[in-house]
Every structure is written in structure tokens, then in C-alpha cells.
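Undergrad: Provided herewith is a single structure, encoded as C-alpha cells, for subsequent inquiry.
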């Protein structure tokens, strides 16, 4: 059984939640270690590793909970953008299915 955990990001030092849905995903993929970076820093790291400019990312507020989240694209404003926790809730059927932009 998974329980939400509060972790500290090694890059920016902020506290972030490691939600149950994400823990289930990690377990299903065979990932044994908890994330060391918050969702926003993970997006920045993936963009840097791919050789792209971090200027192509945007910080927006989650359409569900309002928390600031970083996404690897510039939203056009015609679809809602969700943080990792809210997106996990939507994917696992806790809210109605919607047309979403993914903030990973």
C-alpha cells in the first residue's frame, strides 16, 4: 500500500509531494528509488538533457488546484494544464476524463 510522501528537491530545495499514483507508476516500471527532484526540476532536467533551450518551457498554474507547475511547451490557452498530482488523479479515474495538456 502506498502513502503520499513529502520529499525535498535536491536542485531547488523545495518540499514536494510524491503522490500515491506516481509511486504506483514507479513500482510498475520497476523503479526502486524515490525521485530526487521536484516535478518542475525534472522537467528542466529532461529539457536540458535533450539539448533543447529551457526558454521553451513555461510556468503555469494548474487548472485544477492552482499550484505553479513547469511544462515543456508553451500552452496555447485552449486546453487546461495540470500539475503532476492532479494529472495522476485524472488518469486514475478520480475525476471526469478531460482533454488535457500533460505537465510531466
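The values are calculated or read from the model by the stated rules, or taken from the named source; none is laboratory data. Everything numeric here is computed off the predicted structure, so don't read it as measured data. Neighbour counts run over all protein chains shown; Cβ positions are idealised from the backbone, glycine included.
Undergrad: In region 26-41, is there at least one residue being within 18 Å of residue 90 (Cβ to Cβ), surrounded by 12 or more Cβ atoms within 10 Å (Cβ to Cβ) and out of contact with any helix residue (DSSP H, G or I) (no Cβ under 6 Å at 6 or more places or on another chain)? Write out each step before concluding.
TA: Going through region 26-41, the residues within 18 Å of residue 90 (Cβ to Cβ) turn out to be 28, 39.
Now restrict to residues that are surrounded by 12 or more Cβ atoms within 10 Å (Cβ to Cβ): 39.
From what's left, out of contact with any helix residue (DSSP H, G or I) (no Cβ under 6 Å at 6 or more places or on another chain): none.
There is no residue in region 26-41 that is within 18 Å of residue 90 (Cβ to Cβ), surrounded by 12 or more Cβ atoms within 10 Å (Cβ to Cβ) and out of contact with any helix residue (DSSP H, G or I) (no Cβ under 6 Å at 6 or more places or on another chain).
Undergrad: Exactly one of (1) over 21 Å from residue 72 (Cβ atoms); (2) outside any helix (DSSP H, G or I) is unmet by residue 31. Its number?
TA: Against the list (1) over 21 Å from residue 72 (Cβ atoms); (2) outside any helix (DSSP H, G or I), residue 31 comes up short only on (1).
Undergrad: Okay, next question. Return yes or no: is residue 98 closer than 26 Å to residue 24 by Cα, at pLDDT 90 or above and either surrounded by 17 or more Cβ atoms within 10 Å (Cβ to Cβ) or touching a helix residue (DSSP H, G or I) at 6+ places or on another chain (Cβ under 8 Å) (or both)? Before you say what the answer is, go through the steps one by one.
TA: Working: closer than 26 Å to residue 24 by Cα: yes; at pLDDT 90 or above: no; either surrounded by 17 or more Cβ atoms within 10 Å (Cβ to Cβ) or touching a helix residue (DSSP H, G or I) at 6+ places or on another chain (Cβ under 8 Å) (or both): yes.
It is false that residue 98 is closer than 26 Å to residue 24 by Cα, at pLDDT 90 or above and either surrounded by 17 or more Cβ atoms within 10 Å (Cβ to Cβ) or touching a helix residue (DSSP H, G or I) at 6+ places or on another chain (Cβ under 8 Å) (or both).
Undergrad: Contact list please: Cβ distance under 7 Å, first residue in region 27-38 and without any contact (Cβ under 8 Å) to a residue 60 or more places away in the chain, second residue part of a helix (DSSP H, G or I), pairs at least six apart or on different chains.
TA: Listed by first residue and then by second, the contacts come to 35/42; 37/45.
Undergrad: Could you please let me know if residue 62 is farther than 15 Å from residue 88 by Cβ, in contact (Cβ under 8 Å) with a residue 12 or more places away in the chain and surrounded by 11 or more Cβ atoms within 10 Å (Cβ to Cβ)? If you could, list the steps in order and put the result at the bottom.
TA: Working: farther than 15 Å from residue 88 by Cβ: no; in contact (Cβ under 8 Å) with a residue 12 or more places away in the chain: yes; surrounded by 11 or more Cβ atoms within 10 Å (Cβ to Cβ): yes.
Answer is no for this residue.
Undergrad: Please go through region 50-88 and pick out each residue that is within 21 Å of residue 15 (Cα to Cα), in contact with a helix residue (DSSP H, G or I) (Cβ under 7 Å, 6 or more places away or on another chain) and outside any loop (DSSP other than H, G, I, E, B).
TA: Result: 69, 70, 71, 84, 88.
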